[in-house]
Amino acid sequence: QFASSWGGLVHPGGSLRLSCAAPGFTSDYIAMAWFRQAPGKEREGVSCINRDGYTYYADSVKGRFTISRDNAKNTLFLQMNSLKPEDTAVYYCAADNAPCAVVGGRLANMDFWGQGTQVTVSS
């Protein structure tokens, strides 16, 4: 079972760091990622990182979000800066035994999922 940090309420322009502790060892997973789902919208792949350091970011978060993983601490992180109201969503961590894959411009689904944490960006 993945254990995610609490999200929270942040003002526009603010920052928030999400973390996700994976069962076993993060090094067991080739790819680890963050997805999000806003009310009434489809789930969106936000960012993905492979064990070799390759990273993927959705266009909507490029330059604002940074994904990282610490295999020694079995943890995945997402540093979110310059947050916007449109970043409001439930954020999920995910992992897979295959590398990050982008299909049709979107991050492909993964096999292992965390429970999700709410991030609200509002003044």
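Considered as a group, the residues in the range 69-117 that are surrounded by 15 or more Cβ atoms within 10 Å (Cβ to Cβ) and touching a helix residue (DSSP H, G or I) at 6+ places or on another chain (Cβ under 9 Å) include one that is farthest from residue 2 (Cα to Cα), and that residue is 80.
Screening the range 29-67 for residues that are in contact (Cβ under 8 Å) with a residue 60 or more places away in the chain and of a type in the set (D, E, K, R) and picking the one that is surrounded by the most Cβ atoms within 10 Å (Cβ to Cβ) gives 36. The residue pairs whose first member lies in the range 85-99 and is polar (S, T, N, Q), whose second member is open to solvent by 10 Å² or more (accessible area, probe 1.4 Å) and part of a loop (DSSP other than H, G, I, E, B), and whose beta carbons are closer than 6 Å, counting only pairs six or more residues apart or on different chains, are 97/30. Taking the criterion of being of a type outside the set (D, E, K, R) and modelled with pLDDT of 90 or more, the residues of the range 1-19 that qualify are 9, 10, 11, 12, 13, 14, 15, 16, 18, 19. Picking from residues in the range 26-61 that are closer than 15 Å to residue 100 by Cβ and among the charged types (D, E, K, R), the one that is modelled with the highest pLDDT is 44.
Scanning for something in contact with a Lys or Arg (Cβ under 7 Å, 6 or more places away or on another chain) and either closer than 23 Å to residue 9 by Cα or modelled with pLDDT of 95 or more (or both), does the range 97-119 turn up at least one residue? Scanning the range 97-119 turns up no residue that is in contact with a Lys or Arg (Cβ under 7 Å, 6 or more places away or on another chain) and either closer than 23 Å to residue 9 by Cα or modelled with pLDDT of 95 or more (or both).
The values are calculated or read from the model by the stated rules, or taken from the named source; none is laboratory data. Everything quoted here is computed from the prediction, not taken from an experiment. Glycine gets a Cβ as well: all are built from the backbone with ideal geometry, and neighbour counts include every protein chain shown. In case anyone asks, the SASA skips ligands and DNA or RNA and just uses the protein heavy atoms, side chains included. Shrake-Rupley method; radii C 1.70, N 1.55, O 1.52, S 1.80 Å.
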